[in-house]
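What follows is a single structure, written as structure tokens, with notes after it.
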Amino acid sequence: MIGKLIFTRLILAVVTLLVVSILIFWTAEVLPGDIAARVLGRESTAQAREVFRAKLHLDRPIIQRYGIWLGGIIRGDFGQSLVNDRKVVDTIGPRLKNTLIIGLVAFALYLPVTILLASLAAVYRDRPIDSFISLLTLIGLSMPEFVSGTILLFFFAVAIPIFPVMALIDNAKSPLEALRILALPAITLMIIMSVYAIRMLRDNLIEVLDSEYIRMADLKGMSRRQVILRHALPNAIIPALNVTSLNLAYLIGGVVLVERVFSYPGLGSLLVDSILLRDVPVIEAVTLIVASIYIFANLFADVMTMILNPRLRYG
Amino acid sequence: MDNMTSTGNSTPLPAMPSFRQVIRRVQRLPPTFLIGSVVLIFYLILALTGRYWAPYNATKTGTGPPFSPISAKHWFGTDQLGRDIFSRIVLGTDDVLFLSLSGTLIAMILGVPLGLISGLVRGWFDEVFMRILDVIISIPLLILALLVIAAAGSQLSGNSFLLIGVIAVVYAPRIARMARAVALNLVTSDFVTVARLRGESTLWIILHELAPNATGVILVEFGVRAGYAPILIGSLGFLGFGVRPPTPEWGVMISENRIGIVTSPVTVIAPALALALLVIGLNLFTDGMARILGRSTNQNP
Amino acid sequence: MIKEIITSSNSLLHVKDVSVDYWSQDRWVNVIDRISFDIQTGESVGLVGESGCGKTTMLYSMVGYVRPNSRIREGSVLFQGEDLLTQSKSKLQHIRGKLISIVPQNPTTALSPGMRIGKQITETLEAHHWKSEKYNAENYAIELLKMVSLPNPEKILPKYPHQISGGQQQRVLIAMAISCNPKLLLLDEPTTGLDVTTQAQILDLLTELRAVTGMSLLYVTHNLGVVAQICDRIGVMYAGYLVEIATRHTLFRNPSHPYTQGLISAVPRISTPNVKQSLILKGLLNRSELPAGCPFAPRCDFSLPRCMEETQELISIERDHQVACWRWQEIPSFTERISRITSEVPQQSTAEGWNGQRSLLAIENLRAGYITERVGKTYKRTPKDVVEEITLDIRPGETFALVGESGSGKTTVARAVSGLLPYVSGILNIEDRYDLKMSMRKRSDDMLRSVQYIFQNPDASLNPRQRVSLIIGRPLQKFFKLYGEALRQKVIRLLADVHLDASFYDRFPDELSGGERQRIAIARALAAEPKLLLCDEILSALDVSVQANILKLLAELQVERGIAFLFISHDLAIVRSLAHRVGVMYWGLLFETGRVEEVFNPPYHPYTYLLLSAVPEPDPDNVMPTVRMDTGLIVGAKKMTCPFAPRCPVKVGQVCEVDQVPWQRVSQTHQLRCFHSVEQLLFIQEKIA
């Protein structure tokens, strides 16, 4: 039964991705009207625009253009950059790798920090430590990542120069150095993901701690520690898994800003540059890749929830 | 029909409370609500009166040496072009408030009715509508905003109306989905069943059964969204897609002044704090409002 | 199992002057006040009272447990010579679950949802360092499940809680509770959410376990029938006070506190059905309006000014009988008060005179069901029959009750009649004939008006954001075009009809008590001037005394207005007192219909017998049959032509599973479906009895 459920979700994810691709294509190439004029500027010659149109197949009908574009993507060809004539794939490849690295490091920091702080807040609810964590998360929620990043940068790279100002990962000579370079941007991303998740998990935990089965476990004569580790945490974390999808959205949005703050050569800064330069194929490629990462990570979180929840596992 | 009101659910005006009663009532409000209100009123005053007392014109360059530190003349120093940071922060308030609130409001006006109706009528309309929403929501918020800006092109870049539009487009689907969930939840309740068994029209049910119960959730949703809007505007400004310079905008200021962070950190910290405090104020206010209405703010942003 | 030797008059646990407060807004509010009582070794003590009386708080504070914003202000709980309320946390851990165990109210929420049953049991054993030479933990868990009569214990161990039924879950919790041979078992309404048949089995199990292990029981419940059946001594609580405590025979024969008298008389009984007999308990337990003295004084028929000021202490009035009322000698005895009431001639609507009248509602061969819909990311729509082959008719002014366990399809029938379900066949006869097939959207105003639905839970059926004036006024606007002063007058008249005064006009539902809300829901239904009222478990969310008052109200309204009721209830005693005719349903089929006295006395159909024999009567002399032939509800089994066949104690044979079950006529008004003939059923019935 669960296999079928996962399969439906998978199909749904693929369909969603397909529609997203239409949406991206439409927004990037159709909505703006005459792309040639947009990209080359109004002063460009008619001849230059013609050459440009041919290069982008702009003379063909829209549906055909979409077909060509999508067909290329399926073959792994995202077209050519309008700015430097390089293949988009070649530009994106290393950037994608960098972004994935920083995302994974942030994620690895995020999990323990969130679980620890949320548990502390829930177990000592309404005590000073809970209020303190609540205040911290509130501040975190109110600080956009470019603000928290800049502040971290100021303190730990400028005032006390432990970490580099620019996260030039490509120059890293050893993994340890890479980690030092990654530390500040990853912590910034971790903060932005954790603050929301901590509040959510705390609320979930408190709900679970108030539940009758926790009271029963207490009254069975189990120690508080066992009750929390065996009954409260597992039951609170599973529903909180859904927050992960939300956090991925933060992560992806955050990556764009954090890469900017630390001049990190990832997908986010590539997207910003390509929008400024109106490099349509790169914009399309990056947004599509980002959307697919998001969609499939969501799918993964959904499936994990299903597998971990006995209610869904055994009908 | 004018008799309707005498028996309808319109709340009659309560008797004027005494001063002491007012104090007591205010004391009973959640502290977050009170602090949030104070912060918001402070910003409103800045936005409305700032232009009359701000020490300098926001765009006036050379009011002092570049990146001059804190002084009596320049409370928060000056930026690279010698513009007064304090004046720029004060005069940037009205823009961020106006853009955030109007963008969120438009998103609510678009999203809430669509979501409520979709949840109420169900059927194929609902399914198609939800699919489309799911697709739009599956593009992360900031990426979607950037995509819309990219589509709008260079002529519109930096235009306030573009920013309002971006906020509305990005928020509306998420708000619609929330409203739909609210409607679905209410539609299955017994009191709506009773109304349906009485043969009430869909409009009557929306106005008299759903709306009064949905307002709390919708208000909280508005607060949560409006609280994030300044962050979105600031982020876009920081990335260079916000309000067109030299108009003062906190996100742009943080971005511009980063090169001076070593010599004059206050030029970065001050707009950052201004933004953070506004968002904290909005969040506290919403949290307090949610407590008063008995809801939780921790719903999906 | 180690058997304890029962030593007589040996106090196992002594509760002395326990008071508990909870923090409300800005001050401590008293929940229970100086309660004292004993539990002897091997004894079974009951604590009864209506919701909010503090009985559950009492139970949990006995093991030193209070809710987060509460405190035990004073008192002691002496257990084996030690005060549990002053014990350290770790000491309490060793006592809880080992020497004193708890069985909670709602088994579904009390088991950890993400952990296998077996693990939850062995975990308890580990916590108390359980050791045995004979068994390992797993085998012992199987033994425990056998002790609580769970079939196939090996198969239950690896299951998750949601995979077994509520009755099975409760058995698992009992198994867990007795795993370390406790001296005392504290039971907090352990059968409240369960069907009456399951309840009977759990009660049997408890009686048996008590006999085997010699442990003491403290049984907390609102159900007087249950305590009458299984408790030796019973304490009655009111607003945080223990107002009376006595042995069960004394308590039921000679209740001496006015509250106990009212409570006992308010419980409907199957053996002596008469609504009019109950003493009226006026008003409600409202904690904010309690006087400084006796908390019951404002509701008491015998209260004097002194009662309002002077707190009442429990005083011994005879051996094993204590009452907290200084006027106990002056108050007429229970039997005297009851006899005085019965001498007042009750007005009764009679079933006579209906014969020959055209029926109001005629349902023939009704099939109805739901369209299941999965809300979420995938949508599926398949019609699913819930009830089939239902044929019944209701005459004007008559009460027809549908009874059966949960899941029998009672509610589905009511929803089908109201037009809420997509497909239905049958006829509704109101002046003209209406086709019930019409969904509510197609029904005319007149038809909508004629059938009114009252839901189980008034909290959900009243819009929390509407004032009473709109709730009751809207049907008047819609159906009778009443506005302005005329509307206002009519709403106030309707309020008066349900015994509420005009001050309720501007209130919101959350300013009302549960009973008042249900009255508002009734008034709203009456506003439409219906011919037929569909009452879906409308009393089950209410306390006994409130129930009695609403029952009385319903009977009055019926006599005055000649409304017919389709009354759906799982409570056979209420049905016995209110209904004229009754239909017994099981798994979507109607098995027996007839006048209530014909169906109940004696029960012919084996299912009706099972239901009736499972009802605990609030009468210690009317003992439930202990030999239960019921195998219990079979979950997930295939539905046979006679769905009752797999559970039937007198199943005929193969024929029950394949052939269409025939209707048998017992009398002009009474028929049932079974393969046995009526004579055979009567014979079987006499043999059992």
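Helix B:19-28 and the longest principal axis of the Cα set of chain B meet at an angle near 90°. Where does the Debye-calculated log10 I(q)/I(0) of the stretch B:85-198 sit at q = 0.10, 0.12, 0.18 Å⁻¹, using only Cα point scatterers of equal weight, no solvent? Rounded to two decimals, the profile gives -0.41, -0.55, -0.94.
Within the set A:Lys4/A:Lys97; C:Lys131/C:Lys183; C:Lys442/C:Lys481; C:Lys410/C:Lys638; C:Lys89/C:Lys131; C:Lys55/C:Lys159, which residue pairs have Cα atoms separated by over 25 Å? Before the final figure, lay out the partial values.
Details: A:Lys4/A:Lys97 33 Å; C:Lys131/C:Lys183 18 Å; C:Lys442/C:Lys481 21 Å; C:Lys410/C:Lys638 20 Å; C:Lys89/C:Lys131 23 Å; C:Lys55/C:Lys159 33 Å.
Long pairs (Cα-Cα over 25 Å): A:Lys4/A:Lys97; C:Lys55/C:Lys159.
Across the options C:Ala573, C:Val559, C:Ala645, the greatest Cα extent toward the positive end of the charge dipole of chain C (unit charges at beta carbon of Lys, Arg, Asp, Glu) belongs to C:Ala645. DSSP bridge analysis restricted to the protein assembly as shown gives an antiparallel fraction near 65%, rounded to the nearest 5.
Considering the zone a paramagnetic label at A:Val14 would reach in this model (a point 7 Å from Cα along the Cα-to-Cβ line), which residues of the stretch A:63-98 have amide N under 20 Å from it? So the set is A:67-77. So, with a 1.4 angstrom probe, what is the percent of accessible area on chain B that is carbon and sulfur? Ligands and nucleic acids excluded, carbon and sulfur give 69 percent.
Between C:Ile315 and C:Arg493, the FRET efficiency estimated from the beta carbon spacing at R0 = 45 angstrom works out to 0.45.
Springs join every pair of Cα atoms under 10 Å in this Gaussian network model of chain A, and among A:Lys87, A:Lys220, A:Lys97 the largest mean-square fluctuation is at A:Lys220.
Working from Cα pairs under 8 Å separated by at least six residues, relative contact order for the stretch A:1-133 is 9 percent. Burial annotation for the stretch A:215-230: residues with an accessible-area loss of at least 30 Å² between the isolated chain and the complete set of protein chains, computed on heavy atoms with a 1.4 Å probe, are A:Arg215, A:Met216, A:Asp218, A:Leu219, A:Lys220, A:Gly221, A:Met222, A:Arg230.
The accessible surface of chain C, taken with every protein chain in place and a 1.4 Å probe, is 49 percent carbon and sulfur.
In the stretch A:146-180, burial by the other protein chains removes 50 Å² or more of accessible area from A:Phe146, A:Thr150, A:Phe154, compared with the chain on its own (1.4 Å probe, ligands and nucleic acids ignored). When DSSP beta bridges are limited to those with both residues in the stretch C:1-133, what percentage is antiparallel, rounded to the nearest 5? In the stretch C:1-133, DSSP labels about 95 percent of beta bridges as antiparallel. Based on Cα contacts under 8 Å between residues 6+ apart, the stretch B:133-238 shows a relative contact order of 28 percent. Each Lys and Arg adds +1 at its Cβ and each Asp and Glu adds -1 at its Cβ; summed about the Cα centre, the protein assembly as shown shows a dipole of about 2340 debye. Using just the C-alpha positions of the stretch C:11-68 as equal point scatterers, what log10 of I(q)/I(0) does the Debye formula give at each q in 0.19, 0.28 1/Å? With one equal scatterer per Cα and no solvent, log10 I(q)/I(0) is -0.73, -1.32. Put the Cα centre of the stretch C:605-622 next to the Cα centre of the stretch B:66-111 and the gap is 78 Å. Compared with the dominant Cα axis of chain B, that is its longest principal axis, helix B:141-156 is turned about 60°. Here the contact order of the stretch A:181-240, divided by its residue count and restricted to Cα pairs under 8 Å and six or more residues apart, works out to 42 percent. Ligands, DNA and RNA excluded, the heavy atoms of A:Val282 present near 10 Å² of accessible surface to a 1.4 Å solvent probe.
With the Cα gyration tensor of the stretch C:37-176 giving a ≥ b ≥ c as the square roots of its eigenvalues, does the rule (a/c under 1.5 for rounded; else a/b larger than b/c for prolate; else oblate) give rounded, prolate or oblate? Prolate, since a/c reaches 1.5 and a/b exceeds b/c.
Rounded to the nearest 0.05, the FRET efficiency derived from the C-beta distance between C:Val650 and B:Ile109 at R0 = 56 Å is 0.25. In the protein assembly as shown, a dipole from Cβ-located charges (positive for Lys and Arg, negative for Asp and Glu) runs towards its positive end, and of B:His208, A:Ile238, A:Val282 it is A:Val282 whose Cα lies farthest in that direction. Largest first, the three principal axis extents of the alpha carbons in chain B are 75, 55, 33 Å in whole numbers. How many angstrom lie between the C-alpha centres of the stretch A:155-184 and the stretch C:200-263? That distance is 73 Å.
Buried accessible surface for the C/A chain pair comes to about 2600 Å², total over both chains, computed with a 1.4 Å probe. Just so you know, the Rg over Rh for the stretch B:175-288 is 1.27, from Cα atoms, with Rh as the Kirkwood radius. Taking the 0 to 90 degree range and rounding to the nearest ten, how far is the long axis of helix B:266-293 tilted relative to the main principal axis of chain B, both from C-alpha atoms? That works out to roughly 20 degrees.
Answer rounded, prolate or oblate for chain C, using the Cα gyration tensor with square roots of eigenvalues a ≥ b ≥ c: rounded when a/c is under 1.5, else prolate when a/b is larger than b/c, else oblate. Cα axes put chain C in the oblate bin. Taking all protein chains into account, the per residue accessible area for the protein assembly as shown stands at 42 Å² (1.4 Å probe). Between C:Glu556 and C:Ser333, the simple spin-label model (points 7 angstrom out along Cα→Cβ) gives 3.2 nm. For chain A, the calculated P(r), taken from all Cα-Cα distances in 10 Å bins from zero up to the bin holding the longest distance, is 5, 21, 25, 23, 16, 6, 2, 1, 0 percent. Our helix-only sum for the protein assembly as shown, with -39,500 (n - 2.57) per DSSP H run of n ≥ 4 divided by its residues, gives a mean residue ellipticity at 222 nm of -16000 deg cm²/dmol. Solvent-accessible area lost on pairing B with A (1.4 Å probe, both sides summed) amounts to about 4100 Å². Rolling a 1.4 angstrom probe over the stretch A:237-308 with all protein chains present gives an accessible area of which 75% lies on carbon and sulfur atoms. Checking the a/c ratio against 1.5 first, then a/b against b/c, what shape does the Cα gyration tensor give for the protein assembly as shown? Here the protein assembly as shown falls in the prolate category.
The values are calculated or read from the model by the stated rules, or taken from the named source; none is laboratory data. Quick caveat, the model's predicted, so the values are computed rather than measured. Every residue, glycine among them, receives a Cβ derived from its backbone with ideal geometry; neighbour counts consider all protein chains shown. Just so you know, the surface numbers come from the protein's heavy atoms only, side chains and all, with ligands and any DNA or RNA stripped out. Shrake-Rupley method; radii C 1.70, N 1.55, O 1.52, S 1.80 Å.
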